[in-house]
């Protein structure tokens, strides 16, 4: 099927006396077939669902394992059993020109089951095929190093700026246009080779990131590459991870520091951006919701512009060839196959991922924190969980419990001491179906889940926290009769900081803040970020303000934009919660001399040459 647009859908309308022909029955089939393929393409995309591994049996033959794939038109390609093939017997082998063959599979229909035709139109049409068999076809092609990529859907997800550009190279910096407060985010630098010229590239620059922290806790990210050699069409990608500060700021700018950008081709300087700003929005929306919202914006018209590939890549086969023979040297599947993530594989995928991903910070082998003990009630790891406690409790119902009866737990000590404590209680339930042992906790009203499991106890709970005693009591009221004698609950207690817990009464004599670059020389209308270091104190929210009118502009995240008038301008910087801790920065603004001889100015400012 070359036409990838399967809609609009039309189905037969039946009525008394309607004469049905083969065209009507074909329309009936097409309706259901196209519906199925339309859902496949939208929900799964293109790729391999399972199997289809490729192995070399000897120097001439390969084994293709059974499996299932979905092509660009939403059609299922089913290899129902493993097949052994000589590579030279696969379609397209005699047309290979290079030493690397790309093995592919595609959907193929075949007419089968010949039967006698009663109502034939021509005398020659004595027999007709009674069935259509949906199968597959293997074939090989030459490896195309830089085949035209599929049309990439343009969205507003990424913010991008050009880092440098020349006849041979282009460098681009990008990151999500909306980032999540308190989470990590990736900044990407991509360098692409535009021509086949034999030149090497070196580049560097410094990004100033006001509300982002690099792994060392600073607000700068050094980007670049050294002695990079690419072929035409090839790209080099470098990733830089930063953490977004959880602040009240809604927007910020990433600034390429003026004079920090430099790019060279074989030691010859090329044009690099002297200064750019990249606007980024900050949000408390979780990353999954942001990504789901962005991908959901892609409409059917945009999808119709994508290039439909009706074949699935299985492997690249490297050959050693002579004039009259060939030998299979190696089979490469990594990076060639494209797999489809299915819900049926979610459990196994998460289990395997647990061997690679660890949420907490890794410690040195053999240290006391390398192995963490599991305690029965309260878990603690350093100071991270000192304000959280958890445990279980039981409430006895007795044999004569009726609907509306209220039962109480005993007084339970949560272990966090007296003070402002929040306690939440959830109903613990163990599935008792044969062969199933599953435990779950329901916070809220279990009645909402009673239709899924009739064994759930419908109870309403309330907690009374005794703040002065460091304990609490739980009350449970039955919403319907049960045959249990004891109800089991899990509780979670959280301490809220208040009073002495808030570090506002500490002495300030040994605490201070300082500016990374207290005095800067800059041109009119240029921007500069004033980064702050915290001395003998934890990082906190910072406020920036200009001490005189008409001094330019300063954003809440510390990006100063110079006015159009020359002068020396002062910026006051202080801790928002502790204004007594403050410092000052100064901007010396000068207009650039447009009549300066070009031979006296460097082509680009290298690090260390600022102000020269």
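The values are calculated or read from the model by the stated rules, or taken from the named source; none is laboratory data. Quantities reported herein were computed from a predicted structural model and do not represent experimental measurements. All Cβ positions, even for glycine, are placed from backbone atoms using ideal geometry, and neighbour counts span all protein chains on display.
Computed values, structure above
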item	result
Strands (runs of 3 or more DSSP E) (entirely within segment 307-415) containing at least 3 residues that are closer than 30 Å to residue 472 by Cα and either assigned by TED's automatic domain parsing to the domain that holds residue 468 or at pLDDT below 80 (or both)	388-396, 406-408
Residue identified as surrounded by fewer than 13 Cβ atoms within 10 Å (Cβ to Cβ), under 22 Å from residue 559 (Cα atoms), in the same structural domain as residue 179 (by TED's automatic domain parsing) and out of contact with any strand residue (DSSP E or B) (no Cβ under 7 Å at 6 or more places or on another chain) among 248, 267, 289	248
Which listed residue is under 13 Å from residue 134 (Cβ atoms), in contact with a strand residue (DSSP E or B) (Cβ under 8 Å, 6 or more places away or on another chain) and modelled with pLDDT under 90, from 112, 79	112
